[in-house]
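Note sheet for the following structure.
The values are calculated or read from the model by the stated rules, or taken from the named source; none is laboratory data. It should be emphasised that the depicted structure is a prediction, and the values quoted were computed from it without experimental measurement. Virtual Cβ from ideal backbone geometry, glycine too; neighbours counted across all protein chains shown.
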Amino acid sequence: MKKLMIIFLLLTTACVPTKIVDELMLIHATGFDYIDEKNMRATISVPVYHQGSGHSAGEQSVTSETITGVGHTAKDIRSEMDSKSPRLIENSKLAVVLFDHETANNGIIDTVDTFYRDPTVGQRVYLTVYEGQTRELLEQNLSLQPEISRYLTELIEQNIKNHELPKSNMHVFLYRYFQKGMDPFLPYLKKSDGQVQVDGLAIFKKDKMCTILSREDSFIFKMLVESFQEGTFEISLKDEEYATIMNLSTRAKYSLQKDSDSPKITINLFTKGYVNEYSGETLDQKKLDAINEILEEELTKKISTMIETFQELNVDPIGLGFQVKTRTRGWDEKEWTRQYPDVPVDVNVTTKITHGGVSE
Amino acid sequence: MSDKDKITLPALMEEFQESNDFHLQPVKIGGQPFQLFYMTTLADQSVITKDILPSLRQVLTPDLEDIQRELPFINTVITTDGSVIEENILRGYLGLNHSGADECLMIPAKEEKIRDITVPEVEFSVIGPKQAFIEDIQTNIQLIRRRLPVKELKMIELEVGSLSKAKVAIIYLKDIANEENVNTMKQRISDIDFDHIDDSSYINQMIEDNSMSPFPQLIDTERPDRVAASLSEGKVAVLVDGSPTAITGPTTFIEFFSAFDDYFSSWHISSVVRVIRLLSVAFSIFATAIYVAVLTYHSQLIPKDLLSTLIQSRQAIPFPPIIEALFLELTIELLREAGARLPTKVGQTIGIVGGIVIGTAAVEAGLTSNVLLIIVALSALASFTTPIYRIGNTIRVLRFPFLIVAQLWGLIGIFIGIGVLLVHLIGLTSLGRPYLEPIFPPRVADFKDSIIRLPFSMQSTRPSLMRTPRSKRFKKEEAEKKKDIDE
């Protein structure tokens with residue numbers, strides 16, 4: 001009888017409202033544009049599935065459509081969008097959130113927060129800054145991949161995995177945002193000739209964008225924040241000669257000297273790779289040594305300049321403050337912020353060119 | 001039995017004569033009138049005419065004991081007990097008595113009509129022995145004894161069923177099987193109070209530890225080799241006259257998924273196959289339920305690349321996923337049931353009609369999505385990989401409660417279902433031994449022949465589940481020393 005009661009109770013409980021996947025409007029990408037201080041415009045990109053010839057059509061039968069709304073907050077905009085949508089709008093498949101340049105300059109944490117609090121949104125959503133109007137971008141059907149959100153996710157994913165973008169998603173952004181002694185960064189995209197291009201890295205101070213690193217700089221930046229295996233780097237030698245270093249693997253080690261009141265940071269960067277392309281004539285051991293030396297010099301110079309720039313802007317995307325914090329008892333954030341612009345940073349780069357590539 | 005209840009021979013005769021197949025034949029032995037009586041439908045007529053009647057003619061003294069000595073038969077009985085006479089007549093014996101006397105000689109003349117030993121059909125194996133039990137218990141015991149020619153093989157015979165009087169034999173290896181298991185089995189079978197036992201599956205259901213459970217708790221097999229192997233592990237087997245399947249126990253849940261083939265191929269291969277089989281069972285139970293749960297509640301779990309395939313295949317379908325899934329699942333069950341009921345040749349047609357025509361048509365008509373069709377077909381296929389037929393049925397039925405909870409509460413429902421299922425399985429026992437062993441209670445040593453099968457050289461002990469008095473199958477060290485393979 002007891003068992004029967006339990007079954008009975010279970011069956012009479014109200015059911016959870018269903019959200020059947022093909023009856024939803026699944027947002028794949030959202031873009032935020034700045035209108036004025038109080039208002040912003042949001043554009044969502046939803047996929048449209050064409051019941052085409054079926055089997056053979058495959059991927060091509062998915063395109064995207066957009067819905068836009070203007071309002072003060074994300075929730076406000078949502079209700080406007082709901083009034084334009086034939087089906088229930090659902091955040092669960094959101095993959096990319098875009099901010100235009102102006103919105104990024106004015107702070108994005110309020111918007112990110114609404115996504116962060118939504119349990120259906122994954123932590124691996126890509127947040128990005130786009131140089132122009134995000135609405136224009138999302139309305140486009142680009143030839144490489146007609147579904148724009150898919151294009152953008154694949155673009156960012158590919159560049160993080162193989163190229164100069166450091167790992168970046170909502171989780172990383174929020175971690176760096178909330179962690180003391182660290183500032184976040186996001187990929188910066190631009191449009192070029194009917195295609196979208198990764199144009200470097202947007203560096204944030206708290207949640208406001210303050211500077212943009214070029215693609216080359218963001219590669220060097222990537223060396224400092226994470227270790228990776230398959231980088232490519234081009235250096236120019238004297239006499240108009242160029243060499244490309246392939247398979248560059250790097251590892252950065254931070255150390256701290258606390259002799260005086262002010263800490264002194266040393267960055268030891270180890271890189272290893274081989275020369276794959278060389279525009280000069282012969283590539284012998286002597287030449288390799290020379291390339292090695294130039295590479296070391298160039299990296300040291302570039303890293304030092306980059307850190308100086310960061311210090312001038314009083315922004316710390318590398319997380320030097322965090323490195324100091326983990327090595328100091330009773331670390332004080334305020335004091336660090338005061339010290340940061342003048343902290344001496346030593347950069348030691350050790351490179352190793354393993355061989356000059358394989359040729360006949 | 002008091003004298004009053006005792007059946008007298010004349011009363012017995014009278015009652016027998018109500019049935020037309022009872023035959024009474026007067027014969028003269030040594031000049032005295034005797035009568036020969038038997039059931040024509042049970043006794044072998046040729047034995048009577050060829051062996052019994054000529055022998056009787058040679059007997060000179062009209063004395064039953066002399067006749068018994070003269071007859072070329074063993075197992076003859078002289079009795080005055082009416083109930084023994086009744087029982088024997090009904091087993092195909094001939095009765096012979098001096099007209100009017102109570103004393104009666106019973107001569108066995110049973111007509112044996114048994115089919116040949118055939119290839120196992122339910123538990124077919126590509127390699128290995130190809131013998132299956134038949135309906136005759138003598139033959140079945142013979143098949144087992146041939147595989148275990150040791151005097152330790154003991155047999156307890158019982159009779160079950162007030163109408164069927166089915167002969168039941170409990171078979172075990174003395175000193176290897178735990179006495180407790182044998183006694184439990186004996187106790188449970190002799191406690192059965194039922195009029196008609198047709199098959200060992202009746203007994204199987206009646207002696208199970210928990211008859212409310214959908215899970216079978218004793219293995220039923222038609223393979224004598226499997227029974228012999230089980231006996232040598234320390235299990236107890238039960239054979240029932242008239243049934244071509246034997247029951248063995250105690251057993252575990254995992255054992256239901258080990259085919260006897262597994263011992264015939266090399267251990268790597270059979271381990272892989274066993275793991276595949278277990279995974280396919282999990283797939284069979286959960287795949288459709290997960291499909292329904294994810295499509296109804298958890299769109300965020302669908303991988304990006306799969307989303308368009310899923311949505312496109314579902315776009316034209318007017319039903320929610322649960323209706324679609326139930327429709328397909330029931331279709332598959334219908335096909336299976338129709339295939340099982342129909343003769344083999346028509347059954348094949350049903351397979352084609354169901355598989356190709358209904359499947360394709362349902363997708364083209366927009367009643368089901370092709371993704372679900374694949375999932376349902378695969379999970380039906382997966383449920384047929386179970387070597388023991390009964391557990392396959394259990395698994396197919398289990399899918400439906402999981403579908404329902406998936407619709408009610410999504411993945412949370414499925415996990416509640418898994419919880420309930422696990423609690424149930426952990427509570428189950430087989431002849432009082434834990435059903436989920438070696439997973440729970442954890443017995444690392446018993447894993448050697450459960451989810452995977454290790455080589456025979458590592459199977460030196462019997463499963464600890466059996467609590468056998470002789471746990472060593474062979475002495476491992478000696479076996480290693482003796483092994484002489486030239487390198």
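It is to be established whether one or more residues within the stretch B:331-349 are more than 14 Å from chain A (Cβ to nearest Cβ), in contact (Cβ under 8 Å) with a residue 40 or more places away in the chain, over 30 Å from A:Leu26 (Cα atoms) and not in a helix (DSSP H, G or I). Scanning the stretch B:331-349 turns up no residue that is more than 14 Å from chain A (Cβ to nearest Cβ), in contact (Cβ under 8 Å) with a residue 40 or more places away in the chain, over 30 Å from A:Leu26 (Cα atoms) and not in a helix (DSSP H, G or I).
The rows are residues; the columns are (1) in a helix (DSSP H, G or I); (2) more than 23 Å from B:Phe474 (Cα to Cα); (3) touching a residue at least 60 places away in the same chain (Cβ under 8 Å); (4) more than 14 Å from chain A (Cβ to nearest Cβ).
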{"position": "B:Ile247", "(1), (2), (3), (4)": "no, yes, no, yes"}
{"position": "B:Ser270", "(1), (2), (3), (4)": "yes, no, yes, yes"}
{"position": "B:Val275", "(1), (2), (3), (4)": "yes, yes, yes, yes"}
{"position": "B:Ser280", "(1), (2), (3), (4)": "yes, yes, yes, yes"}
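Residues that are without any contact (Cβ under 8 Å) to a residue 40 or more places away in the chain number at least 2 in the following strands (runs of 3 or more DSSP E) confined to the stretch B:67-162: B:77-79, B:104-108, B:153-160.
For the stretch A:240-247, state whether one or more residues are within 23 Å of the chain's Cα centre (by Cα), free of Cβ contacts under 8 Å to residues at least 60 places away in the same chain and surrounded by 18 or more Cβ atoms within 10 Å (Cβ to Cβ). No. When each of B:Gly427, B:Gly432 is tested for being closer than 30 Å to B:Ser201 by Cβ, under 24 Å from the mean Cα position of the chain (by Cα), loosely packed, with under 15 Cβ neighbours inside 10 Å and within 14 Å of another protein chain (Cβ to nearest Cβ), the lone residue that passes is B:Gly427.
Filtering the stretch B:320-330 to residues that are within 14 Å of chain A (Cβ to nearest Cβ) and among the acidic types (Asp, Glu) leaves only B:Glu324. Inside the stretch A:106-145, residues that are within 22 Å of A:Lys191 (Cα to Cα) and either hydrophobic (A, V, I, L, M, F, W, C) or within 14 Å of another protein chain (Cβ to nearest Cβ) (or both) make up a count of 10.
For the stretch A:8-22, give me the residue count where each residue is modelled with pLDDT of 75 or more and surrounded by 10 or more Cβ atoms within 10 Å (Cβ to Cβ).
Of the residues in the stretch A:8-22, 5 are modelled with pLDDT of 75 or more and surrounded by 10 or more Cβ atoms within 10 Å (Cβ to Cβ).
Taken residue by residue, the stretch A:223-231 has no member that is assigned by TED's automatic domain parsing to the domain that holds A:Tyr130, part of a loop (DSSP other than H, G, I, E, B) and among the acidic types (Asp, Glu). So, of the residues in the stretch B:169-209 that are under 17 Å from B:Arg470 (Cα atoms) and assigned to a loop (DSSP other than H, G, I, E, B), which turns out to be nearest to the chain's Cα centre (by Cα)? If we take residues in the stretch B:169-209 being under 17 Å from B:Arg470 (Cα atoms) and assigned to a loop (DSSP other than H, G, I, E, B), then B:Ala177 is nearest to the chain's Cα centre (by Cα). If you scan the stretch B:282-319, which residues turn out to be more than 10 Å from every other protein chain (Cβ to nearest Cβ), part of a helix (DSSP H, G or I) and out of contact with any helix residue (DSSP H, G or I) (no Cβ under 6 Å at 6 or more places or on another chain)? Those that are more than 10 Å from every other protein chain (Cβ to nearest Cβ), part of a helix (DSSP H, G or I) and out of contact with any helix residue (DSSP H, G or I) (no Cβ under 6 Å at 6 or more places or on another chain): B:Ala282, B:Phe286, B:Ile290, B:Leu306.
As a summary of the residue check, B:Arg336 satisfies the conditions (1) surrounded by fewer than 17 Cβ atoms within 10 Å (Cβ to Cβ); (2) under 30 Å from B:Asp220 (Cβ atoms) except for the one numbered (1).
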